[in-house]
1. From Cα pairs below 8 angstrom and at least 6 apart in sequence, can you work out the relative contact order of the chain, rounded to a whole percent?
2. Under 5 Å between amide hydrogens, which residues at least 5 positions from His208 or on another chain qualify, with H placed 1.01 Å from N in the peptide plane?
3. At each listed q (0.09 Å⁻¹), what is the log10 of I(q)/I(0) that the Debye formula gives for segment 43-195 modelled as equal alpha-carbon point scatterers?
4. Go through segment 115-125 residue by residue and turn each phi into a ³J(HN,Hα) via Karplus (6.51, -1.76, 1.60, θ = phi - 60°); whole Hz please, and just put x for glycine and proline.
5. With a probe of 1.4 Å, find how much accessible area the chain has per residue, and write the answer as a whole number in Å².
6. Divide by every residue of the chain the summed helix terms, -39500 (n - 2.57) for each DSSP H run of at least 4, and state the resulting mean residue ellipticity at 222 nm, rounded to the nearest 500 deg cm²/dmol.
7. Once mean projected area of the Cα convex hull in nm² is worked out from the coordinates, which option in (1) 15.5; (2) 17.9; (3) 18.6 does it equal?
8. Counting only protein heavy atoms and a 1.4 Å probe, tell me what percentage of the chain's accessible area is made up of carbon and sulfur.
Amino acid sequence: MSLAPLASGRGNPSADCIADSAGGLTFDLVDCGPSGSNPDSWDAALVLRRRGGETAADEVRLPLVHAGDGRLRAVLPSTMALPEGRWDAFAATAGGEGEEQRLVPGVLDLRSLVDRRPDPDRPSVVARIPYATKHGNLSVRGWARAPHAEAGEIRLADGVVTVQGRLYGVVAGADAVAEARCRRDPSLAVTVPVSVEGGALALGYDRHFAFTLAYKELAEAWEAGEDPWDLWLRPGAESGSVRIARILDDVPDKKEIFTYPVQRVCSAAQAGPYYTVDNDLSVLVAPVTG
């Protein structure tokens with residue numbers, strides 16, 4: 001479903017939002033209802049609609065209740081299912097009567113998301129970050145991973161990248177490996193062992209992992225143009241692979257914010273790590289520029 005940008009001067013209601021460390025969100029609508037309406041008589045719901053969705057599961061209606069000071073409050077519990085994606089926020093009258101209004105962000109309190117560390121024994125990880133879109137509207141970026149491999153420190157050295165991170169919902173075994181999969185050709189993959197780095201991380205202890213990937217192994221399959229390789233972690237020989245991503249903080253879009261230098265791999269190609277639009281970690285092999 002395509003949504004139009006917020007019209008300038010429309011007077012849309014704003015919503016403050018508090019994120020909690022478990023993945024829940026609390027919304028407080030400041031301008032309750034259409035212009036000139038009485039908040040005490042405005043029976044409404046906050047609607048979250050997944051961008052591009054077309055099914056009933058792509059819409060969540062949260063009842064609004066009076067919270068004092070003329071505010072209406074809606075709560076999205078961490079236990080409520082919210083499929084991965086970008087969810088646009090609206091104010092709607094009860095029963096779907098009347099015009100929905102796109103919400104604009106007020107104060108976004110994301111302090112509990114900084115350096116967030118959920119219980120590693122939980123089978124899944126839920127992450128939700130409210131943010132302002134480029135049009136000035138309120139949206140929520142949501143993830144639901146089961147299990148999850150959270151990327152941490154990324155170190156760059158001559159021709160290699162070392163990734164540290166933490167596992168949630170699964171424990172790595174002695175045969176754990178990291179996989180770089182070529183997006184252009186899924187049959188191409190490079191596997192490297194997950195190992196202790198610098199004596200500080202113990203495999204399987206506190207769910208930490210670390211591995212080092214050499215760019216030259218990816219460049220051997222490079223032909224031309226941009227060649228992205230997606231990074232996965234396989235906790236054991238009999239385990240399924242887990243996509244490596246960074247979602248446990250307060251930054252909804254990391255691609256343009258967390259940037260890393262590229263290194264020349266050969267005379268014609270260079271490589272470097274980056275985060276995708278979904279905050280998944282990948283490596284891009286591309287022609288040398290500059």
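The values are calculated or read from the model by the stated rules, or taken from the named source; none is laboratory data. It should be emphasised that the depicted structure is a prediction, and the values quoted were computed from it without experimental measurement. Neighbour counts run over all protein chains shown; Cβ positions are idealised from the backbone, glycine included. Side chains included, ligands, DNA and RNA excluded: accessible areas come from the protein's heavy atoms. Shrake-Rupley method; radii C 1.70, N 1.55, O 1.52, S 1.80 Å.
1. 14
2. Leu167
3. At q = 0.09 Å⁻¹ the computed log10 ratios are -0.44.
4. Per-residue couplings from phi come out as 6, 5, 9, x, 5, x, 8, 5, x, 9, 10 Hz.
5. I get 47 Å² per residue for the chain.
6. Calculated from helices alone, the mean residue ellipticity at 222 nm is -500 deg cm²/dmol.
7. Computing mean projected area of the Cα convex hull in nm² and matching it to (1) 15.5; (2) 17.9; (3) 18.6 gives (2).
8. 51
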